[in-house]
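The values are calculated or read from the model by the stated rules, or taken from the named source; none is laboratory data. The structure displayed is predicted, hence computed values, not measured ones. All Cβ positions, glycine included, derive from the backbone under ideal geometry; neighbour counts span all protein chains shown. Calculation scope for accessible area: heavy atoms of the full protein, side chains included, ligands and nucleic acids excluded. Shrake-Rupley method; radii C 1.70, N 1.55, O 1.52, S 1.80 Å.
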Amino acid sequence: MLVLMLVVAATLRLCLLARAQPLCRWGCPPRGGVLPGVGEGDLLYFSSTTAHLIQHPCKKNIALYLGRQMFFTRDNFKSSLLPLSIPTSMKVGIPEVTSAHIADSVLLLVVNQKVYIYDYEANSWNASIGIEHRVSRISGDNCCYSGHPFCVDISNSVFAYLHGDQISQTNVYFSNTRGYRFQKFVYEKQAELVGSLGGIFYFHSLSQVGLLLIDQGKARFSYSEHPLNTSFGLPFDYNGTLDILITPGQKGILIFWFQKSLLVSRNSGQLVYPIHVREGPNTLYSSISEANITIHSVAANEYELAVLTQENNLYYGSLGILPSSLIKFAGQNIWSQEAALMFTDVGRVEILTPLPDSVFPAFDFQKCPVNIQAILMDPQLRVDVCKAELLQGDFDNKMYSIDMNSKLELTALMIPRPGMSLVPLAMVSNPHSLGLQAVIYEAGYTYDGNVKHRLNISLRQQHHWGRADPNFTSSIKRPTGSTITLDIANKEISCVDLKPLVCPKFFEISACHHGILDPVGLQDNYSYVIEREAYDPNFQGQKASEDLVVDYQYEKLGCPHLVYYNTPWKPVVELWREGKFQEVIKAEFVLLEVHGLFTYTYSLTAQTALCRAQPQNWTSIMENAGDKWPFAWDRENYVSCHDPDNDAPLRWPNVPYQILGGPTANKVIFDQRNGIYVFYVSIVDPYYSYCHLHTTFSVYVYGAFPLSIIPAAVTIIPLMVAMLLSVWLAYAIPKLLHTEKGLRFKGFWIHLCRRCRKACACFRGRS
């Protein structure tokens with residue numbers, strides 16, 4: 001499905017050096033209860049000499065501090081904390097942590113080149129399964145918009161790799177289970193790539209896997225999918241070992257940093273450039289190194305960036321669409337080797353330092369809160385006031401799904417300050433997949449006389465706009481994601497409180513249609529028996545060893561449809577969205593009886609369906625089903641036998657053609673058997689929808705006479721013999737009566753009848 005996360009970002013303006021008021025005031029460490037369960041075992045420590053802080057992008061109160069000691073908090077460092085340790089039963093050896101990532105409700109750590117998982121909700125530790133080689137880094141992302149499966153998949157996806165290894169021979173591992181189980185990740189043409197591995201990331205805003213190559217002081221990204229897999233991102237200087245920070249929100253913004261370098265990319269690594277630094281009204285440096293700054297800690301949220309330096313200075317900038325620079329705030333004694341930065345809210349930064357308790361083994365965190373908005377309002381800074389009074393949309397905090405051939409209309413309202421003019425700017429992070437068209441017009445006035453501007457944004461799949469070259473658009477068969485960003489190009493840095501507008505939406509299909517059967521009996525714990533001759537639990541068409549008792553799930557299936565056994569049948573599949581009927585699905589789909597019943601076939605064969613290649617069937621699909629067995633046939637692995645690019649030879653033209661719908665008139669033919677069939681239906685046409693549309697429904701087949709217990713040969717052969725004998729006697733007896741033997745035979749029966757009559761008469765006389 002095509003997922004859109006709508007974000008409003010801010011751009012930087014060049015500002016003056018702040019010196020008028022203290023940057024922040026150190027508060028006394030809070031006194032709270034000690035968090036239990038993480039203080040026993042081998043004490044973990046971070047491999048870097050500078051402290052790092054990882055904050056959960058969705059649950060802001062959850063964070064991990066990495067330094068000479070490591071601390072994990074679930075209340076934003078309000079409680080006293082014991083240093084994080086791993087149980088000795090895990091046998092990690094040297095407890096050195098080289099990388100960490102928070103994936104939804106678990107904490108992933110690379111300890112001594114192996115991956116371990118701490119489920120902080122269950123307070124349990126586990127070692128990852130499936131990694132057979134050394135790893136030093138992990139990477140992942142989190143989706144905060146909803147519990148939608150697409151959003152869950154983002155949070156579940158994790159890479160593990162060995163940083164600096166030769167890329168042509170390195171082993172990369174991927175997990176879609178939040179790191180519990182990994183498998184080798186195969187990157188196409190990896191053996192042909194030159195350089196060392198700087199990282200591998202899943203860029204959901206671009207629907208690409210990006211691989212960072214480092215060679216001779218230069219770095220560039222390679223991408224996994226069309227059309228970006230035919231070239232590389234633009235190269236950039238790679239000095240030192242860069243930490244790569246993926247900002248929240250799936251906007252494609254990356255921060256690359258180490259002590260003497262700070263780079264940014266707003267398009268998932270396709271273009272990477274240094275961040276400029278502003279110090280004073282007339283001093284602008286093109287990079288961190290030119291400004292002679294030594295970075296200690298970096299923090300970022302969806303649209304802001306903060307940098308703490310060893311020179312006791314704090315720098316602030318915004319992460320908007322347009323190129324940005326950092327502003328330097330007044331220096332004070334805020335830096336220490338253990339200090340770390342984090343955003344607590346929009347325009348609010350905290351500098352944290354762990355302090356050991358003099359009595360207990362726990363640590364408290366001293367905090368120095370920084371109110372960015374208050375500092376920017378200092379008159380001595382001469383920062384222009386925000387030109388925008390309002391920027392809002394009906395898509396605030398939502399996420400949308402756009403299906404194939406669909407269109408999405410969004411609306412935003414923009415109100416400038418009196419006498420000001422604003423320049424709105426709308427962009428998508430994945431133009432290969434999503435195209436937009438925007439129209440702005442005046443929509444009245446406010447009570448103060450300000451002009452209201454309405455912005456209408458139309459979004460469609462780029463392929464269907466018809467304005468892009470096919471070599472530019474992504475594959476129409478592949479579901480992709482994109483992020484639309486609505487920004488004000490001439491917005492001041494003082495517009496701190498304008499937030500992103502994001503939202504999710506999705507649909508399902510309904511599959512239960514009530515028939516004419518009485519539902520009372522079905523609801524009363526109804527069960528039925530499938531004969532062992534009619535089903536195979538392995539779905540191979542072989543008879544089972546015993547009968548199967550099935551409990552009918554009325555709550556899920558409702559009343560079954562009535563189907564006459566001797567009439568070819570094709571189900572009518574309907575698409576429903578939020579309880580409303582949309583259309584009858586005419587795309588290709590497949591059926592499978594969920595209990596293994598095989599007493600049905602199809603009206604068409606591969607030959608009569610006019611297949612050019614050998615068609616797929618359930619048997620061939622199940623051979624490679626893996627964890628999806630048996631219901632593995634879907635739009636991703638379906639290959640049409642009518643596709644001219646399908647080169648599978650048609651070796652068995654008489655096999656049943658098991659695909660319904662689409663260009664053929666194929667139907668289901670039931671055997672002579674009455675009973676309930678529960679079918680799984682899956683839409684396999686890759687051009688109908690990006691969603692995996694599937695459901696289950698039931699039918700009741702009636703009208704079939706019971707099969708005879710006596711074999712047919714036992715009854716048919718004697719019947720045929722009797723019929724032939726009767727015909728022969730009807731011909732032979734009249735002809736025989738006219739011969740001498742016939743007359744004797746006839747006289748014998750006459751004489752016998754007369755004697756019988758006399759005997760009967762004597763018997764009556766005596767009576």
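Mind listing whichever residues of segment 246-258 are closer than 25 Å to Glu188 by Cα and in a strand (DSSP E or B)?
Hits for segment 246-258 are Ile246, Leu254.
To keep it simple, each residue is scored yes or no on (1) over 16 Å from Leu212 (Cβ atoms); (2) modelled with pLDDT of 95 or more.
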site	(1), (2)
Gly93	yes, no
Ala103	yes, no
Leu108	yes, yes
Asn112	yes, yes
Arg137	no, yes
Thr170	no, yes
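Determine whether Leu242 is buried (at least 18 other Cβ atoms within 10 Å of the Cβ), in contact (Cβ under 8 Å) with a residue 24 or more places away in the chain, among the aliphatic types (A, V, I, L, M) and in contact with a Pro (Cβ under 8 Å, 6 or more places away or on another chain). It would help to see each step written out before you state the result.
On the way: buried (at least 18 other Cβ atoms within 10 Å of the Cβ): yes; in contact (Cβ under 8 Å) with a residue 24 or more places away in the chain: yes; among the aliphatic types (A, V, I, L, M): yes; in contact with a Pro (Cβ under 8 Å, 6 or more places away or on another chain): no.
For Leu242, the condition - buried (at least 18 other Cβ atoms within 10 Å of the Cβ), in contact (Cβ under 8 Å) with a residue 24 or more places away in the chain, among the aliphatic types (A, V, I, L, M) and in contact with a Pro (Cβ under 8 Å, 6 or more places away or on another chain) - is not met.
Looking for whichever is under 23 Å from Leu314 (Cβ atoms) and either open to solvent by 40 Å² or more (accessible area, probe 1.4 Å) or modelled with pLDDT of 90 or more (or both) here; the options are Leu43, Leu66, Leu82. Which one fits?
So the residue among Leu43, Leu66, Leu82 that is under 23 Å from Leu314 (Cβ atoms) and either open to solvent by 40 Å² or more (accessible area, probe 1.4 Å) or modelled with pLDDT of 90 or more (or both) is Leu66.
Quick one: is Ile321 farther than 24 Å from Ile54 by Cα and in a loop (DSSP other than H, G, I, E, B)? If you could, list the steps in order and put the result at the bottom.
On the way: farther than 24 Å from Ile54 by Cα: yes; in a loop (DSSP other than H, G, I, E, B): yes.
Criteria met by Ile321.
Can you pull out every residue in segment 602-632 that is at pLDDT 90 or above, over 16 Å from Gly662 (Cα atoms), open to solvent by less than 20 Å² (accessible area, probe 1.4 Å) and in a loop (DSSP other than H, G, I, E, B)?
Scanning segment 602-632 gives a single hit, Ala613.
So for segment 562-574 (the condition being under 25 Å from the mean Cα position of the chain (by Cα) and not in a helix (DSSP H, G or I)), does at least one residue qualify?
If we filter segment 562-574 for residues that are under 25 Å from the mean Cα position of the chain (by Cα), which is where we start, we get 573-574.
Then drop every residue that is not not in a helix (DSSP H, G or I), which leaves 573-574.
Within segment 562-574, one or more residues are under 25 Å from the mean Cα position of the chain (by Cα) and not in a helix (DSSP H, G or I).
State the number of residues belonging to segment 259-289 that are part of a loop (DSSP other than H, G, I, E, B), open to solvent by 60 Å² or more (accessible area, probe 1.4 Å) and over 25 Å from Ser231 (Cα atoms).
Qualifying residue count, segment 259-289: 5.
Cβ-Cβ under 7 Å, sequence separation 6+ or interchain: first residue in segment 300-321 and under 17 Å from Asp243 (Cβ atoms), partner in a strand (DSSP E or B) and open to solvent by 20 Å² or more (accessible area, probe 1.4 Å). Which pairs?
Ala300/Leu245; Tyr315/Lys328; Leu319/Ala300
Take residues that are polar (S, T, N, Q) and open to solvent by less than 70 Å² (accessible area, probe 1.4 Å) and tell me which of the strands (runs of 3 or more DSSP E) falling wholly in segment 414-489 contain 3 or more. Quick ask: steps written out before the conclusion?
Working: elements: 424-428, 434-445, 451-461, 484-488.
Per the criteria, 451-461.
Could you list, in sequence order, the residues of segment 223-236 that are under 31 Å from the mean Cα position of the chain (by Cα) and aromatic (Phe, Trp, Tyr)?
Listed by number, the residues that qualify are Tyr223, Phe232.
Pairs under 9 Å by beta carbon, first residue touching a residue at least 12 places away in the same chain (Cβ under 8 Å) in segment 640-651, partner hydroxyl-bearing (Ser, Thr, Tyr) and assigned to a loop (DSSP other than H, G, I, E, B), six or more apart or different chains?
Cys641/Tyr657; His642/Thr664; Asn646/Ser640
Spot the failing condition for Asp104; the list is (1) open to solvent by less than 40 Å² (accessible area, probe 1.4 Å); (2) closer than 30 Å to Cys691 by Cβ, and only one is missed.
All conditions pass for Asp104, except number (1).
Yes/no per residue for (1) under 22 Å from Ser698 (Cα atoms); (2) assigned to a loop (DSSP other than H, G, I, E, B); (3) at pLDDT below 55; (4) open to solvent by 70 Å² or more (accessible area, probe 1.4 Å):
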site: Ser494; (1), (2), (3), (4): no, yes, no, no
site: Lys505; (1), (2), (3), (4): no, yes, yes, yes
site: Ala511; (1), (2), (3), (4): yes, yes, yes, no
site: Val520; (1), (2), (3), (4): yes, no, no, yes
site: Arg532; (1), (2), (3), (4): yes, yes, no, yes
site: Gln542; (1), (2), (3), (4): no, yes, no, yes
site: Lys556; (1), (2), (3), (4): yes, no, no, yes
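Of the residues in segment 184-193, how many are at pLDDT below 95, at negative phi and open to solvent by 100 Å² or more (accessible area, probe 1.4 Å)?
3
Can you tell me which residues in segment 393-415 are more than 14 Å from Leu436 (Cβ to Cβ) and either touching a helix residue (DSSP H, G or I) at 6+ places or on another chain (Cβ under 6 Å) or at pLDDT 85 or above (or both)?
Listed by number, the residues that qualify are Leu413, Met414, Ile415.
Tally time: how many residues in segment 586-601 are within 16 Å of Thr695 (Cα to Cα) and open to solvent by less than 40 Å² (accessible area, probe 1.4 Å)?
8
Being at positive phi and assigned to a loop (DSSP other than H, G, I, E, B) is the filter; apply it to segment 645-683 and report the residue that is least open to solvent (accessible area, probe 1.4 Å). Talk me through it step by step, then tell me what you get.
Here is the first cut: in segment 645-683, the residues at positive phi are 661-662, 675.
Subset that is assigned to a loop (DSSP other than H, G, I, E, B): 661-662.
Values: Gly661: 3, Gly662: 36 Å².
Looking at the filtered set, the residue picked out is Gly661.
Quick one: in segment 207-231, which of the residues that are assigned to a loop (DSSP other than H, G, I, E, B) and farther than 28 Å from Gly130 by Cα is least open to solvent (accessible area, probe 1.4 Å)?
Pro227
Pick from segment 583-601 the residues that are under 26 Å from the mean Cα position of the chain (by Cα) and part of a loop (DSSP other than H, G, I, E, B): which of them is nearest to Ala632 (Cα to Cα)?
Result: Val594.
Would a scan of segment 353-372 turn up a residue that is under 30 Å from Thr446 (Cα atoms) and crowded, with 21+ Cβ neighbours inside 10 Å?
yes
Just checking, which of Asn313, Asn282, Asn239, Asn292 is on the phi > 0 side of the Ramachandran plot and more than 27 Å from the chain's Cα centre (by Cα)? Steps first, please.
Values: Asn313 fails: on the phi > 0 side of the Ramachandran plot; Asn282 fails: on the phi > 0 side of the Ramachandran plot; Asn239 fails: on the phi > 0 side of the Ramachandran plot.
Result of the check over Asn313, Asn282, Asn239, Asn292: Asn292.
With respect to Gln190, determine if the residue is more than 30 Å from Tyr400 (Cβ to Cβ) and more than 26 Å from the chain's Cα centre (by Cα).
So Gln190 does not fit the description; no.
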